[in-house]
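Working notes, structure below.
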Amino acid sequence: MSFPRQQARTQRFTTGVPRAFEISPDGRRVAFLRGRDGVDTATCLWIHETEGSGTATVIADPRTLGADDEDLPPEERARRERLRESGGGIVSYTVDEAFTRAVFTLSGRLFYVDLVGDDTTPRELPATTPVVDPRISPAGDRVAYVSGGAVRVIDVSGAEPGHGDRVVAEPDGPHVTWGLAELVAAEEMGRYRGFWWAPDGSSLAAARVDESDVNTWYVSDPGRPDQEPASLRYPPAGGTNADVRLAVFPVGRNTGERPGPVWVEWDREALPYLATVGWTTGPDGTPTLVFTAQSRDQRTLDLFSADPATGLVARVRTETDDVWVELMPGVPAHTGSGELVWIGREAGGERRVHVGDRPVSPADVYVRGVVDVDGDRVLYSGSPAGSPGDVSLWLVELDTGLSAPVEVPGHGCTRAADSGAHSGVRSGRLRGDTLVVQHRSMEFTGVRTMVLRGAGTETRRSCTEIESLAEVPDLPEPRVEFWRAGERRIPSALVLPSWYHGDQRPLPVLVAPYGGPHAQRVLNARGAYLTAQWYAEQGFAVLIADGRGTPGIGVEWEQSIHLDLAGPVLEDQVAALEDAAERFDCLDLSRVGIHGWSFGGYLSALAVLRRPDVFHAAVAGAPVIDWTLYDTHYTERYLGTPAERPGAYERSSLLAEAAKLERPLMMIHGLADDNVAFAHTQRMSSALMAAGRPHTVLPLSGVTHSPSDPTVAENLVLLQVEFLKEGLRVEV
């Protein structure tokens, strides 16, 4: 089987990798999701025993429940698109606080399964369908979910007809929903939820989203002229956002009465973006609602607390920045004693993890996010100074003051996985003294998942491994050279063919960036270079560089693209290419291609338009061509609004430069893309046609921003490589 086909059918070798971990209070059991093999997209819910042999047992299999994954409600399809979730079966679940019960949805139907006792057969609840985003209460006795834009609650026990299924909050207008995240929250802010249980299960906080004034866009499929276009509310840069409010609803037993909302009010005109919502428990055990709200220009982020009984709000903390405040993953959070866990930036410095008013992360660690907080332990991820390709976990024990990187055992938990503590890419989940760590490295292919018991910084009692069932790529081991390029020390990697030796003809170069915010490609993980290695085997030297704007270096590096999304990112790709040519004598700079997707597609089109002297052919996948057509929260963070900063949009747009095209350019775009609309490619093609510039457009019928169909995904790779070979005169 060819590598492109294998990569497509395994969803880039992620199928079969365990994910979505939940840990029991005693640390003896870990729930997770995984298919039965490396091509099984019907994801199952499993339980891993951390003691003894460390066995894993299927608790819920969608194939035995009479529910396939082909009848998803539109809200669930949209939620998965925002999450970039291309799998099927049980793609998400929640468990109660005691780890006795789990809930999940299949084809819009609601299921629960008992995790303790002799009978662990999954059962369907008679919920109002279609069910979206079900979440079990902390006590495990009720489930909240969204259906038809309303938040509902159903009892797990059958004491009442229909299990007491009832409405908590329902729409009061044609474009109003409760309990769902609006587009910019899910796509750009990392908030995929719209309702939250109080810790004692007494109430629910829920977001009300009114999209009445948001622009209506239409997504059509010319290949299906019999179907009406799908409409969505999309807020382009400078446009009107959804009106988002927050309320608390008492949720008791079904009494037939529906308590009204307790509105949580803040200055929504000054702080319109509801970024995060959660709960904490006070010293007296009383739940308190906590949330963050951000200004439209994103230079201010306020943390608030609210009394759920009255809705009265108090400001707890304010974070400001003259450029923008980054929304950091995992915060706000609270320790067992109620102290605030926060990621803040000291004046002129880098971001650090704070507990209360004291920093607990070293000043020389690039903090990426808080991974988990349990009791008086804080788990966060970051990169050591000067090593942006290494992503490690640090565990802070507040009672002892100890803070140290988490050292990960190797395969079978028998030896150190790496020569140093800071290597590879890690993620994890913490509860009590049990820590689940996922590790990627240049030393092995794929992902290893270890469960560490006694996961303190001083001792460790045991370790078991959750097996990955992902397929092994049919590909030579990646041949990668790492270095920091040029005066700016740009993180760079060069991938060479396994068969290449120095006395052969110099290789054409394929530059393969993402190059934009929030994505990093130069990582110390073998899996990051599989596609690049396949392209290298076709006769290319593949160059990957993370220039200004990408994460891993520091705040100033990220903010260097402010008011100009084109100049700095293109300059750094050229600088990395020139530096690579000086270091490696195997590169033929008379034949340089570039390809990328999304921001990488924008960068690819930008490269051949502005630097045809350097780049000789480009493939631009789902490119953002005109930034006035992209959403508010992302675009305005970097460019401001079109009315306030027209020059920034002119510097970053590609439409006005269509007449400059003199190199082969292929644009690929899904017609069903509701993130980067097909209008970007359509307008660019029209501008190129008006200027008389030949180009290639490959429209993908029914495909969204992330192609998931295996046949489409496979052929996309093959078509790109053929286009690049022809454009760069690569001998087959």
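The values are calculated or read from the model by the stated rules, or taken from the named source; none is laboratory data. Fair warning: this is a prediction, and the values are worked out from it, not measured in the lab. Cβ placement follows ideal geometry from the backbone for every residue including glycine, while neighbour counts extend to all protein chains displayed.
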In region 478-503, the residues that are closer than 24 Å to Glu443 by Cβ, assigned to a loop (DSSP other than H, G, I, E, B) and under 28 Å from the mean Cα position of the chain (by Cα): Pro478, Arg479
Please go through region 202-255 and give me each residue that is polar (S, T, N, Q), modelled with pLDDT under 90 and out of contact with any helix residue (DSSP H, G or I) (no Cβ under 9 Å at 6 or more places or on another chain), ordered by number. Ser220, Gln227, Thr255
Going through region 518-554 in order, the residues found to be among the small types (Gly, Ala, Ser), under 19 Å from Arg489 (Cα atoms) and surrounded by fewer than 24 Cβ atoms within 10 Å (Cβ to Cβ) are Ala519, Gly552, Gly554
Looking at region 621-659 only, could you name the residues that are among the acidic types (Asp, Glu) and assigned to a loop (DSSP other than H, G, I, E, B)? Asp626, Glu644
All conditions in (1) buried (at least 18 other Cβ atoms within 10 Å of the Cβ); (2) in contact with a Lys or Arg (Cβ under 8 Å, 6 or more places away or on another chain); (3) acidic (Asp, Glu) are true of Glu339 except (2)
Is one or more of the residues making up region 705-727 touching an Asp or Glu at 6+ places or on another chain (Cβ under 6 Å), among the polar types (S, T, N, Q) and under 30 Å from Gln294 (Cβ atoms)? no
Out of all the residues in region 699-729, which are closer than 30 Å to Pro497 by Cβ and touching a helix residue (DSSP H, G or I) at 6+ places or on another chain (Cβ under 7 Å)? Leu700, Pro707, Pro710, Ala713, Glu714, Val717, Leu718, Val721
Candidate set: region 286-308, residues that are surrounded by fewer than 19 Cβ atoms within 10 Å (Cβ to Cβ) and in contact (Cβ under 8 Å) with a residue 60 or more places away in the chain; chosen: the one nearest to Arg268 (Cα to Cα): Arg296
Give the residue, chosen from Val355, Val365, Val370, Val360, that is more than 25 Å from Glu188 (Cβ to Cβ), in contact with a Leu (Cβ under 9 Å, 6 or more places away or on another chain) and buried (at least 20 other Cβ atoms within 10 Å of the Cβ). Val355
Is region 663-676 home to any residue that is modelled with pLDDT of 95 or more, of a type outside the set (Ser, Thr, Tyr), in a helix (DSSP H, G or I) and surrounded by fewer than 20 Cβ atoms within 10 Å (Cβ to Cβ)? no
If you take the residues in region 87-120 that are in a loop (DSSP other than H, G, I, E, B) and in contact with a helix residue (DSSP H, G or I) (Cβ under 9 Å, 6 or more places away or on another chain), which one is farthest from Phe195 (Cα to Cα)? Gly87
Name the pairs whose Cβ atoms lie under 6 Å apart, with the first residue in region 209-228 and in the same structural domain as Ala247 (by TED's automatic domain parsing), the second small (Gly, Ala, Ser) and part of a loop (DSSP other than H, G, I, E, B), and 6 or more positions between them or separate chains? Val209/Ala242; Glu211/Ala242; Val214/Ala242; Asn215/Gly239; Val219/Ala672; Asp221/Ser701; Asp221/Gly702; Gly223/Ser701
May I ask you to list the residues in region 130-170 that are touching an Asp or Glu at 6+ places or on another chain (Cβ under 9 Å), outside any strand (DSSP E or B) and either free of Cβ contacts under 8 Å to residues at least 12 places away in the same chain or of a type outside the set (Gly, Ala, Ser) (or both)? Pro130, Val131, Pro138, Asp141, Val156, His163, Asp165
Could you grab the pairs with beta carbons closer than 6 Å, sequence gap of 6+ or different chains, first residue in region 696-717 and among the hydroxyl-bearing types (Ser, Thr, Tyr), second one at pLDDT 90 or above and crowded, with 16+ Cβ neighbours inside 10 Å? Thr696/Met666; Ser701/Leu671; Thr704/Gly670; Thr704/Ala672; Thr704/Asp673
From the residues in region 575-600 that are among the charged types (D, E, K, R) and touching a Lys or Arg at 6+ places or on another chain (Cβ under 8 Å), which one is farthest from Gln504 (Cα to Cα)? Arg591
Only one of these is under 20 Å from Pro236 (Cβ atoms) and either touching an Asp or Glu at 6+ places or on another chain (Cβ under 7 Å) or of a type in the set (A, V, I, L, M, F, W, C) (or both): Leu629, Leu603, Leu587, Leu609. Name it. Leu629
Out of the residues in region 28-65 meeting the condition of being assigned to a loop (DSSP other than H, G, I, E, B) and hydroxyl-bearing (Ser, Thr, Tyr), tell me which one is farthest from the chain's Cα centre (by Cα). Ser53
Qualifying strands (runs of 3 or more DSSP E) (wholly inside region 201-257; at least 3 residues being among the hydrophobic types (A, V, I, L, M, F, W, C)): 203-210, 243-250
Unique residue being touching a helix residue (DSSP H, G or I) at 6+ places or on another chain (Cβ under 7 Å) and either over 23 Å from Arg191 (Cα atoms) or not in a strand (DSSP E or B) (or both) when the list is Pro25, Pro4: Pro4
I'm checking my understanding of the structure. Among residues of region 587-611 that are out of contact with any Leu (no Cβ under 8 Å at 6 or more places or on another chain) and more than 11 Å from Met666 (Cα to Cα), which one is surrounded by the fewest Cβ atoms within 10 Å (Cβ to Cβ)? Ser590
Please specify each residue of region 149-189 satisfying the condition of being out of contact with any helix residue (DSSP H, G or I) (no Cβ under 9 Å at 6 or more places or on another chain) and either among the polar types (S, T, N, Q) or farther than 27 Å from Ala98 by Cα (or both). Ala150, Ala169, Glu170, Pro171, Asp172, Gly173, Pro174, His175, Val176, Trp178, Glu182
Going through region 373-401 in order, the residues found to be crowded, with 19+ Cβ neighbours inside 10 Å, hydroxyl-bearing (Ser, Thr, Tyr) and not in a strand (DSSP E or B) are none
